[in-house]
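S.K.: Sharing a structure here in structure tokens format.
Values quoted throughout were computed directly from the atomic coordinates according to the rules given, and no laboratory measurement underlies them. Keep in mind it's a predicted model, so treat the numbers as computed, not measured. All Cβ positions, even for glycine, are placed from backbone atoms using ideal geometry, and neighbour counts span all protein chains on display.
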């Protein structure tokens, strides 16, 4: 029969093995949790999955596309009387509206294909200051001088 010292020593060794196993299991759980696998100690698998999906929902929201610009400006004009070369305009078939956010570079344009229309609404404008000018176009494609520059603020 083993004596009390032997029994106590076996109990200490068994306890040390259990502690060592607990440390190893805890380390594995931490490592798995850190890499996204496994489950936390004391948490059911369903709860661990619920936590993961809750964390995924709390992450940054995906960027939404910017809303389409909805501003508009109505441009009204008196038809120009001179072509760019200084000659008198004749046989007007339409107008070209130039516009943009830089007064010295009206980078966008729209053609109005009626000689009797003297007002047009430009749509799809983002917030900012816009500058406008208009030219007449004749049947030969000759473009008149631009009208004086006008501006408006789209809010």
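S.K.: I need the shape label for region 75-127. Rule: rounded when a/c is under 1.5, else prolate if a/b > b/c, else oblate, with a, b, c from the alpha carbon gyration tensor.
M.R.: Numbers: a/c = 2.72, a/b = 1.52, b/c = 1.79.
Because a/c hits 1.5 or more and a/b fails to exceed b/c, region 75-127 counts as oblate.
S.K.: Can I ask one more? Just subtract the alpha-carbon distance of residue 155 and residue 101 from 0.36 nm times their residue separation and send over the number in nm, one decimal.
M.R.: Details: separation 54, 0.36 × 54 = 19.44 nm, distance 1.33 nm.
Fully extending the segment from residue 155 to residue 101 adds 18.1 nm.
S.K.: Let me ask you something else. Fewest Cβ neighbours within 10 Å first, please rank 130, 98 accordingly. Walk me through the numbers before you get to the answer.
M.R.: Values: 130 22, 98 19.
In increasing order of surrounding Cβ atoms, one gets 98, 130.
S.K.: Please arrange 96, 5 by how many other C-beta atoms lie within 10 Å of their C-beta, fewest to most. Working shown, then result.
M.R.: Numbers: 96 16, 5 8.
Ranked by crowding around the Cβ, least crowded first: 5, 96.
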